[in-house]
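Data first, discussion second: the structure below is written as structure tokens.
FYI, it's all coordinate maths here, none of it is from the lab. This is a predicted model, so every value here is computed, not measured. All Cβ positions, glycine included, derive from the backbone under ideal geometry; neighbour counts span all protein chains shown.
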Ligand SMILES: [Fe+2]
Ligand SMILES: [Fe+2]
């Protein structure tokens, strides 16, 4: 088989025999991982997928029916920028690095491995969802997200193999050995070990957790290490679809609930097989708080080091007034005893919080669009994002308890009110009871509205997945 067929790429792989050998050795292990941990029960189905065959406008979105194990996972970097310079930190204005500077090896490897680990993790978390897909359209979107997360793993593994020698090869193997939720060899980050049992969770995950991914990629796209920047810039083009799946998925659930509420204003939506709005809000609270953790601690010397060394910038660094960020401070409310006190943190140490701010704003825009569905329907209920302090397991708020509005409370009160704020056992059981597969063309489950339009100009009743 031709190399370009086996590993599509725009990195001149055929001219780098050492890298080619390393990747050819990794390929069968990857394929085995996909068969073991990819979508269970659908490895032989023909799925209408988008495949990147090049990075230009014509080639990056090629649509066809393919079997997932035959998906052409490839290595694609955005086109290089001539004379690119480092945009921030201690090396601002110096030429971007094409090789890894020796003293940054450790940092950079950690950044790449942490990002890389999330990609296969989400495929593992979602591997059973095809079996309960509410429509073929949704099933296809799930599988699209899954194969692209697989390609994102390839993107990170390319960097490890190309630039990190033996350590890189070992890390690339380890990425296939950890397993989401496995107590002995878990994935690195918390949210990627949480089970995704139902489709409401899947929509929340792609809306809120994939969006963390978007902001991490945006920060890495600023990197002074040019291959990392170019890799992540291309990944972002694919990531946009994942968030579309999440935002519109939740919106369609809300849409359906509102329709059911109208049919019978005196009854609980659940009596009509829909998902009530407070349950949706509790799912938001859960997945938003788990996702907020992924940005790391509010006050972080690691974040300062990544920024100083030019490896990880801010969201759209070009719009920042001061790229050194040496003088500024960030004011945050830090728990002290039973209260919160306003504290100034040197800006570089607050870089995780700066990125979290951009994430929160972006999430809020999506929530506003959900609320406009309610407004148009004349429903008074509104969704809100909980405070960034609510239900945290990482950072300065993790050792205290807060209401969704961000008010400090005792741990005992939090436990007492937990079921008001986070999905309760009975919420989870109810939502699980709705997860009956609808695998017939043009049909959809009762609890979710069909999409406004199909994929790539195809109608909703297109045969997106042929079993
Ligand atoms: Fe990804
Ligand atoms: Fe994603």
Among 290-297, 124-131, how do they line up by average Cβ neighbours within 10 Å per residue, starting with the highest?
290-297, 124-131
Here FRET efficiency (C-beta to C-beta, residue 27 to residue 398, R₀ 41 Å, nearest 0.05) is 0.55
Suppose a student asked you for the relative contact order of the range 289-428, using Cα pairs under 8 Å spaced at least 6 residues apart; what percent would you report?
26 percent
The range 40-198 shape via C-alpha gyration tensor axes, a/c threshold 1.5:
oblate
Going highest first, how would you order 250-257, 433-440 by mean Cβ packing within 10 Å?
250-257, 433-440
In nanometres, what is the gap between the two model label sites at residue 5 and residue 415, each 7 Å from Cα along Cα-to-Cβ?
6.3 nm
Linear extension gain, residue 405 paired with residue 237, 0.36 nm per residue minus alpha-carbon span
57.1 nm
Using the alpha-carbon centroid of each, what span in Å lies between the range 354-370 and the range 94-122?
26 Å
With an 8 Å cut-off on Cα pairs and a minimum separation of 6 or more residues, tell me the relative contact order of the range 274-349 in percent.
28 percent
As an exercise, use a Förster radius of 51 Å and the Cβ-Cβ distance of residue 268 and residue 105 to find the FRET efficiency, rounded to the nearest 0.05.
0.30
Okay, helix-only estimate at 222 nm for the chain: each DSSP H run of n ≥ 4 adds -39500 (n - 2.57), divide by all residues, round to 500 deg cm²/dmol; what do you get?
-15500 deg cm²/dmol
Antiparallel bridges, percent of DSSP beta bridges restricted to the chain (to nearest 5):
90 percent
Below 8 Å between Cα atoms, with a sequence gap of 6+, how large is the relative contact order for the chain in percent?
19 percent
On a full-extension model of 0.36 nm per residue, what is the gain between residue 131 and residue 441, subtracting their alpha-carbon distance, rounded to one decimal in nm?
110.1 nm
Just check the chain against the gyration tensor rule for me: Cα atoms, a ≥ b ≥ c as the square roots of the eigenvalues, rounded for a/c under 1.5, and otherwise prolate or oblate depending on whether a/b exceeds b/c.
oblate
Along Cα→Cβ, 7 Å out, is where each label goes; now give me the distance between the ones at residue 98 and residue 424 in nm to one decimal.
6.2 nm
Within the range 424-457, name every residue whose backbone N is under 11 Å away from a label modeled 7 Å from Cα of residue 259 along the Cβ vector.
444-452
Suppose each label sits 7 Å from its Cα in the direction of the beta carbon; what would the residue 360-residue 67 distance come out to in nanometres?
4.9 nm
Based on alpha-carbon centroids, what's the gap between the range 427-454 and the range 189-253 in Å, whole number please?
23 Å
